[in-house]
1. Quick test of your reading of the structure: Leu54 fulfils all but one of (1) within 15 Å of the ligand (Cβ to nearest atom); (2) touching a Gly at 6+ places or on another chain (Cβ under 6 Å); (3) in a helix (DSSP H, G or I). Name the failing condition by number.
2. Looking at Ser75, is it small (Gly, Ala, Ser) and in contact (Cβ under 8 Å) with a residue 40 or more places away in the chain?
3. Taking the residues in segment 67-80 that are in contact with a helix residue (DSSP H, G or I) (Cβ under 8 Å, 6 or more places away or on another chain), within 20 Å of His121 (Cβ to Cβ) and not hydroxyl-bearing (Ser, Thr, Tyr) as candidates, determine which candidate is nearest to the ligand (Cβ to nearest atom).
4. Going residue by residue through segment 31-41, is there one that turns out to be open to solvent by 40 Å² or more (accessible area, probe 1.4 Å), within 16 Å of the ligand (Cβ to nearest atom) and closer than 21 Å to Asn3 by Cα?
5. Give me the residue from segment 81-99 that is charged (D, E, K, R) and away from the ligand (no atom under 12 Å from the Cβ) and, out of that set, nearest to Ala173 (Cα to Cα).
6. Would you confirm whether or not segment 118-134 contains a residue that is at pLDDT below 95, surrounded by fewer than 15 Cβ atoms within 10 Å (Cβ to Cβ) and assigned to a strand (DSSP E or B)?
7. Going through segment 42-51 one residue at a time, which ones are surrounded by fewer than 16 Cβ atoms within 10 Å (Cβ to Cβ) and assigned to a strand (DSSP E or B)?
Amino acid sequence: MANKQTILVIEDERNIGNYIDTILSSKEYKVLRAMNGKTGLSLCTSHHPEVILLDLGLPDIDGMEVLQQIREFSSVPVIVISARTQEREKVEALDGGADDYITKPFGAEELLARIRTALRHRLHTGQSQSQEPVYSKDGLVIDFERRLVTLQGKPIHLTQIEYKLVSLLAQNAGRVLTYDFILKEIWGPYADTDNQILRVNMANIRRKLEANPAEPHFIFTEIGVGYRMLE
Ligand code: CA
């Protein structure tokens, strides 16, 4: 491939860096490595990577601070990669401008899927219109223009709020959306809402869309963080 896409990996743990490098290099990505935040920031300005994988626990600058500095001059997709499993930090990173996160330990397929999603999202940034006219996956079809939802060819009747929720998730398929983000998007920034209203609506949606609502196939819960729709 003549035009390899560049992924910048800011990660101080050599083993994990090597692991990521091996996975990405085998898939025709060009990998740039930084062992600390300072080098990461300078490689970001000099090489304009297509995606950045950012470890939150770095030896010199905190990962959140690195993210903040990147966001001052670039909208490059940033996937936060961390051993930290605390939901608060994931939410903080997403609200701080990260596009997604991946928790160690992770497999090659998961990593590659997150990168593909980030790259696709990057191609669409700047467009305010919905990216695709239709979401179609495993028999679930959402026609955004006609506001129609069908499952295995049968129309699904959603309330207005339910439809808004499903289409928001579908238009961001593959990305995690935080509870706060969803609440603001659907009910507006000043609405007096909480996660409970979201959970109730999601339960209703799952009853209508999922064969087994307890083990969802289309819309996944990212515990303590938000929801992610099947890409
Ligand atoms: Ca680290």
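1. (3)
2. Taking the combined requirement at face value, the residue satisfies it.
3. Within segment 67-80, the match that is nearest to the ligand (Cβ to nearest atom) is Val80.
4. yes
5. My answer is Asp99.
6. Yes, because at least one residue in segment 118-134 is at pLDDT below 95, surrounded by fewer than 15 Cβ atoms within 10 Å (Cβ to Cβ) and assigned to a strand (DSSP E or B).
7. Selection gives nothing.
So that you can scan it fast, the table gives a plain yes or no per residue for (1) outside the structural domain of Val80 (by TED's automatic domain parsing); (2) part of a loop (DSSP other than H, G, I, E, B); (3) under 17 Å from Glu222 (Cβ atoms):
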{"residue": "Arg146", "(1), (2), (3)": "yes, yes, no"}
{"residue": "Val149", "(1), (2), (3)": "yes, no, no"}
{"residue": "Leu158", "(1), (2), (3)": "yes, yes, no"}
{"residue": "Glu162", "(1), (2), (3)": "yes, no, no"}
{"residue": "Gly174", "(1), (2), (3)": "yes, yes, yes"}
{"residue": "Phe181", "(1), (2), (3)": "yes, no, yes"}
{"residue": "Pro189", "(1), (2), (3)": "yes, yes, no"}
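The values are calculated or read from the model by the stated rules, or taken from the named source; none is laboratory data. Fair warning: this is a prediction, and the values are worked out from it, not measured in the lab. Note: ideal-geometry Cβ built from the backbone for every residue, glycine included; neighbour counts use all protein chains shown. Areas reflect the complete protein model, heavy atoms only, side chains present, ligands, DNA and RNA absent. Shrake-Rupley method; radii C 1.70, N 1.55, O 1.52, S 1.80 Å.
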